[in-house]
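Novice: Right, I'll just put the structure down here and ask away after.
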Amino acid sequence: MYQNKEAFSKYSGANYKWALMDVSNLENSTLLYGEDIQDKLPDPNNIKFDYDDILARGLYHLEKSLKEKDEKTAKSAFSKAVFKISFYLCIFIDKDFPFTSVLYIKKKLEFVTPVVKHIEKILDFLRSAMDLRVKETISRNFSQLRENFIKFIFSLLEHGGLHKKFSVPKLNMYLAKYFGGFPLLKRFLKELH
């Protein structure tokens, strides 16, 4: 099962390479699977990231945040979306980026944003998401923060600042393909155009 992407993803519900990176750590392997499975895993370095899948997983949590009526739960889902999309940006910029830790992701983005200017706003969103997780508060309006983040991501996707450029119709098709079709994100996209 661990050698087969489809079987492993179905079993774990996670992105294959991301999960392999996580469980290649002995402690994570034991905590998540009840035993050390490292010797059963393929080398994650030999597997390419599926950018569409990683991005969709971040968008899944964004959609979940939009659906959620309870503000605390909505903030938690939003912060998870920002973390996952920040990771996506790291692996898009550096295909060999080996970390899933939020602190390493933040360090990587701090290092690359002076050069990769079109993504520099991600650091503000990441800091706010970290504040939500650690302090359970932020210094600005949550709904506005979330809306600005969605606009930022859609803008990057529409202008080709990420792994591919999406026209509005293609972005709608992409959204329709994953996790129930992202109806709230699709509505948001429609309202933007």
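Novice: Return the total of residues in region 173-193 being closer than 14 Å to Leu59 by Cα, at pLDDT below 95 and not in a helix (DSSP H, G or I).
Specialist: 1
Novice: Scan region 23-48 for residues that are at pLDDT 75 or above and within 20 Å of the chain's Cα centre (by Cα) and report the count.
Specialist: 4
Novice: Here is a further query. Being under 22 Å from Asn15 (Cβ atoms), assigned to a helix (DSSP H, G or I), more than 15 Å from the chain's Cα centre (by Cα) and not β-branched (Val, Ile, Thr) is true for just one of Lys164, Lys170. Which residue is that?
Specialist: Lys170
Novice: Show the residue pairs that are 6+ apart or on different chains and have beta-carbon atoms under 6 Å apart, the first residue being within region 3-28 and more than 18 Å from Gly58 (Cα to Cα), the second being small (Gly, Ala, Ser).
Specialist: Note: pairs meeting the criteria are Val23/Ser29.
Novice: With the condition kept exactly as written, say whether any residue in region 112-120 is surrounded by 14 or more Cβ atoms within 10 Å (Cβ to Cβ), assigned to a loop (DSSP other than H, G, I, E, B) and touching a His at 6+ places or on another chain (Cβ under 7 Å).
Specialist: no
Novice: Right, Arg140: basic (Lys, Arg), assigned by TED's automatic domain parsing to the domain that holds Ala81 and exposed (fewer than 13 other Cβ atoms within 10 Å of the Cβ) or not?
Specialist: Taking the combined requirement at face value, the residue satisfies it.
Novice: If you go through region 98-111 one residue at a time, how many are among the aromatic types (Phe, Trp, Tyr), under 15 Å from the mean Cα position of the chain (by Cα) and either surrounded by 18 or more Cβ atoms within 10 Å (Cβ to Cβ) or part of a helix (DSSP H, G or I) (or both)?
Specialist: Matching residues across region 98-111 total 1.
Novice: For Thr137, all conditions in the list (1) closer than 28 Å to Lys95 by Cα; (2) among the β-branched types (Val, Ile, Thr); (3) not in a helix (DSSP H, G or I) hold save one; what is the number of the exception?
Specialist: The single condition Thr137 does not satisfy is (1).
Novice: How many residues are closer than 10 Å to Val82 by Cβ and of a type in the set (Phe, Trp, Tyr) if we restrict to region 122-151?
Specialist: Of the residues in that region, 2 qualify.
Residue-wise test of (1) part of a helix (DSSP H, G or I); (2) surrounded by fewer than 18 Cβ atoms within 10 Å (Cβ to Cβ); (3) not assigned by TED's automatic domain parsing to the domain that holds Glu147.
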position: Lys10; (1), (2), (3): yes, yes, yes
position: Ala19; (1), (2), (3): yes, no, yes
position: Asn28; (1), (2), (3): yes, yes, yes
position: Tyr60; (1), (2), (3): yes, no, no
position: Glu63; (1), (2), (3): yes, no, no
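Novice: Test Glu71 against the criterion of being free of Cβ contacts under 8 Å to residues at least 40 places away in the same chain and either out of contact with any strand residue (DSSP E or B) (no Cβ under 9 Å at 6 or more places or on another chain) or on the phi < 0 side of the Ramachandran plot (or both), and give yes or no.
Specialist: no
Novice: Look at region 30-46 and say how many of its residues are free of Cβ contacts under 8 Å to residues at least 24 places away in the same chain and either buried (at least 18 other Cβ atoms within 10 Å of the Cβ) or not in a helix (DSSP H, G or I) (or both).
Specialist: 4
Novice: Restricting to region 1-59, count the residues that are more than 30 Å from Phe125 (Cα to Cα), out of contact with any helix residue (DSSP H, G or I) (no Cβ under 9 Å at 6 or more places or on another chain) and acidic (Asp, Glu).
Specialist: Summing the residues that are more than 30 Å from Phe125 (Cα to Cα), out of contact with any helix residue (DSSP H, G or I) (no Cβ under 9 Å at 6 or more places or on another chain) and acidic (Asp, Glu) in region 1-59 gives 1.
The values are calculated or read from the model by the stated rules, or taken from the named source; none is laboratory data. All figures in this text were calculated on a predicted structure; none of them were measured in a lab. Virtual Cβ from ideal backbone geometry, glycine too; neighbours counted across all protein chains shown.
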